[in-house]
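The structure under discussion is supplied below as C-alpha cells; questions concerning it will follow.
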Amino acid sequence: MKFGLILLIIIIIVLIWGIGAYNGFIRKKNRIEEAFATMDVYLKKRWDLVPNLVNTVKAYAAHESATFEKITKLRTRNYDAMSQNEKIEANQALGASLGSIVATAEAYPELKANENFRDLMKQLNGLEEDIANSRKYYNGCVREMNTSVESFPSNIIANSFHFEKYKMYEVDDAAERENVVVDFAPGEGPQTVAAGEAAAAAPKADEAPQTFPPQDTE
C-alpha cells in the first residue's frame, strides 16, 4: 500500500512536470514564430527594395554584370512561397551580396550624387538596422528553444512531441559583418550601410526605440 502511494505520487509529479515542459515548448515555439514574423516584415521590405537599388546602380555601371548576377538570380524566387528556413538562407545570401553592390557606388561619383540612389541607400540603412535588432531577438528565442530541445530531461518531451531545433539567422561571411562606407558629402545622405549586420545606432529623434517582449526564462 505504501509503495503504491509512493508510485502514484511519483507518477503525478512526472505528469505535472511533463505538462509544464510541454507548455514551455509551446510558448517558446510561439515566441519564435512571433519574432520571425516581425523580422520577416523588414526582410521582405529589403527584398523588394533591392531590385530598385540594382537597377539604379546598373544605370551607371552596366558593365559590372558579375556584381548583379547573384542578386538577380536570388530575386527570381517567389519570396512568399519560401519556407521560414528558405527565407533565412535567401536573405543570408542577399545580405552577403549587398556589400558588393553598395561598394560599386564608390567608383561612380555621379551615382553617389543621384537623388534616387541616395534615397534608396537611406531606406536600406534603416532596414539593416531594423533587421539587425529583430534578428538578435529572433536568435535569442531560437537559442532558448534549441537549448531545451538538446538538454536533458526536456529533450524527452521534445522527442516525444517532435519539437525540433530551429535555424538561427547568422551572418557567416566576415565581409558581411563590416560596414560598407559610402562617402557622401558631409551631412548629406547615409554615411554607412551594414550589409546584413548593421552597426548599433541610436533611435531616430522622431521614432520611439524598438522594443521586444521579454523572453521566458523557463
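Full-extension gain between MET168 and GLU89, please, as 0.36 nm times their residue separation minus the C-alpha to C-alpha distance.
27.5 nm
Also: Taking amide hydrogens as modeled 1.01 Å from N in the peptide plane, which residues meet the under 5 Å criterion relative to ASN114, leaving out close sequence neighbours?
Sorted by chain and number, the residues that satisfy this come to none at all.
What are the ³J(HN,Hα) couplings of segment 126-140, residue after residue, when phi is run through the Karplus curve with 6.51, -1.76, 1.60 and θ = phi - 60°? Round to Hz, x for glycine and proline.
Rounded to whole hertz, the list is x, 5, 5, 5, 5, 5, 4, 5, 5, 5, 4, 5, 4, 5, x.
For segment 1-143, with only Lys/Arg (+1) and Asp/Glu (-1) charged at the beta-carbon, what is the dipole magnitude about the Cα centre, in debye rounded to 20?
In total the dipole reaches around 700 debye.
Using the Karplus curve 6.51 cos²θ - 1.76 cosθ + 1.60 with θ = phi - 60°, what ³J(HN,Hα) values do you get for each residue of segment 155-164, in whole Hz, with x for Gly and Pro?
5, 5, 5, 4, 5, 5, 10, 6, 7, 10
Roughly speaking, what is the centre-to-centre gap between segment 39-61 and segment 69-88 when only Cα atoms are used, to the nearest Å?
One Cα centre to the other: 13 Å.
Where a Cα-Cα gap under 20 Å defines reach, which lysines qualify for LYS136, not counting those fewer than 8 residues away within the same chain?
Cα-Cα hits under 20 Å: LYS28, LYS29, LYS44, LYS45, LYS87, LYS165, LYS167, LYS204.
Quick one: what are the phi-derived ³J(HN,Hα) couplings along segment 89-94, Karplus 6.51/-1.76/1.60 with θ = phi - 60°, whole Hz, x for glycine and proline?
For segment 89-94, the Karplus-derived couplings read 5, 5, 6, 4, 5, 5 Hz, x marking Gly and Pro.
Looking at VAL57, ASN85, ASN155, which one has the Cα that reaches farthest to the positive end of the dipole of segment 2-194 (charges on Cβ: Lys, Arg +1; Asp, Glu -1)?
So the residue we want is ASN155.
A short reminder: the numbers here are calculations on the coordinates, not readings from a lab. Model, not experiment: these values are computed from the prediction. Cβ atoms come from the backbone with ideal geometry, glycine included; neighbour counts cover every protein chain shown.
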